Amino acid sequence: MIEYKTLNKNSLLEYINGDQFGLGIDIPITKHRAISQCHNPRLDDDDIILIIALENGILVGYLGILPDLIYYNENQPEKIACVTCLWVSPTVRGKSVSSELLKMATHHWNKKLFLGDYVPFTKKIYDRSGEFLIQPYQKQGVRLYVLSDLHTILPPKKLIFEKSKSLLKIIDTSLNIFIKIKHKFNKQRLEHLKFEYNEEIDNESQHFIELRQQNQLFRREKAELNWMLKYPWVLSAENKDELNSKYYFSSTAKSFSYRVVKIRNLDNKLIGLLIFSIRDFNLKLPYLYHDQNLDDIVMAINYHIIKWQIKTFTTYDEDLAKRILHLKSPAFHKRVVTRNYLLTKDLDTTTFFHMKMQDGDGDCGFT
């Protein structure tokens, strides 16, 4: 018989600090992700944030939840649950464990669930529940390929590339020598912009954000953004340790960091605030706040792509993506990409689709 347990903030802390945590083959959450979850400014003490399935005391499934708020109107935010992960052991496939986990999440969160950037092959699980919209909400973005990274991109696609990994590394190294030389001779002139680097969101940034997010759905501000910066879900580590190796989803990378960049004009006026994440030299932009001139933002991004020797840059900010596609960049290839979101039918989908989502909203800013 399969037993299901729900965990809130207090029970999750007891669970990860207990003597039995980590003794089995799998774990349902890493310690650093659990601690991060418990510092979520939008978390209430009785919110269910993890559901686990046990068969004879052995972990066979889990579903993670990130509590959040969405703002359909300014004075009445609505509490929702972002599904962060869903895993079921192969030993219990066919026993409807994933369906039961999802059913419990739907029940405890009043049918207000949201998934950002879900894995496509899992969609059938959500479709079977009957609670989610069949048609996903989509955002069109762009990916820039800046440095050659064939030894990372190709091996997962075909076995022949896995066997040729050493050769691909040599090709990458050779190509990137020429690409970096080209970057040096094609640097953009940014005399009209100044950059300031911070480790957190300060009061000036908070005021800047407040004035520029009236139409944003999640409206994360200083407390929520600093929580993300201080408590990441992915840690920098050359190799996974034994405990983190027991977690199916992302927990470590060779390098992972956030960078907060303020953009000022020559009058020292703040005109842009960018929160980047860099994972193994792949750059994302979870949060962007700016005045109307997107061309300055694109130039600032291009500058940092070269400065930090970035391999790829990805954004799903649709206005920004359109400008990047039409302006000069250091990339040797640009590709349109799509991010899919799923949401339950009980959410106000009409309003949802007409409000702006940042790339980092939901759990996307953490990975």
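Here are some notes:
- Antiparallel content of DSSP bridges confined to the chain, in %, to 5: 90
- In this structure, the amide hydrogen of K95, modeled 1.01 Å from its nitrogen in the peptide plane, lies closer than 5 angstrom to no residue at least 5 positions away or on a different chain.
- Dimensionless Rg/Rh of region 66-208 - Kirkwood Rh, Rg from C-alpha atoms: 1.11
- Bridges between two residues of region 2-139, per DSSP, are antiparallel at a rate of about 90%.
- Sorted largest first, the spans of the alpha carbon positions of the chain along the three principal axes are 66, 57, 39 Å.
- Directionally averaged projected area (convex hull, Cα atoms, region 2-139), nm²: 9.3
- Considering only Cα atoms, the convex hull volume of region 224-367 works out to 156 Å³ per residue.
- Computed label-point distance, nm, for sites K123 and E204 using a 7 Å Cα→Cβ extension: 4.5
- All C-alpha pair distances within region 262-335, sorted into 10 Å bins from zero, spread as 18, 57, 24, 2 percent across the bins.
- Alpha-carbon Rg/Rh ratio, for region 288-367, with Rh computed the Kirkwood way: 1.01
- Within the chain: Cβ-based charge dipole about Cα centre, in debye rounded to nearest 20 (Lys, Arg +1; Asp, Glu -1): 1860
- Counted residue by residue at 0.36 nm each, then reduced by the alpha carbon distance between them, the extension gain from Y137 to S96 reaches 12.1 nm.
- From phi via Karplus (6.51, -1.76, 1.60), per-residue ³J(HN,Hα) for region 225-241 in Hz, x at Gly/Pro: 5, 5, 4, 4, 5, 7, 10, x, 8, 10, 9, 6, 7, 4, 9, 5, 7
- Alpha-carbon centroid distance for the pair region 7-41 / region 164-238, whole angstrom: 29
- Peptides ranked, highest mean first, by Cβ atoms within 10 Å: ranges 246-259, 274-287, 173-186: 274-287, 246-259, 173-186
- Cross-link pairs exceeding 30 Å in C-alpha to C-alpha distance, out of K139/K163; K5/K123; K158/K307; K95/K284; K95/K254; K79/K269, comprise K139/K163; K158/K307; K95/K284; K95/K254; K79/K269.
- Looking at region 208-362, the DSSP beta bridges with both ends there are about 75 percent antiparallel.
- Packing-based ranking, highest mean first, of 343-350, 299-306 given that Cβ atoms within 10 Å are counted: 299-306, 343-350
- Between W227, A331, I271, the Cα set farthest toward the positive side of the dipole of the chain (charges on each charged residue's Cβ, about the Cα centre) is that of A331.
Here, each number is a calculation from the coordinates, and none is a lab measurement. The structure displayed is predicted, hence computed values, not measured ones. We place every Cβ from the backbone using ideal geometry, glycine too, and count neighbours over all the protein chains shown.
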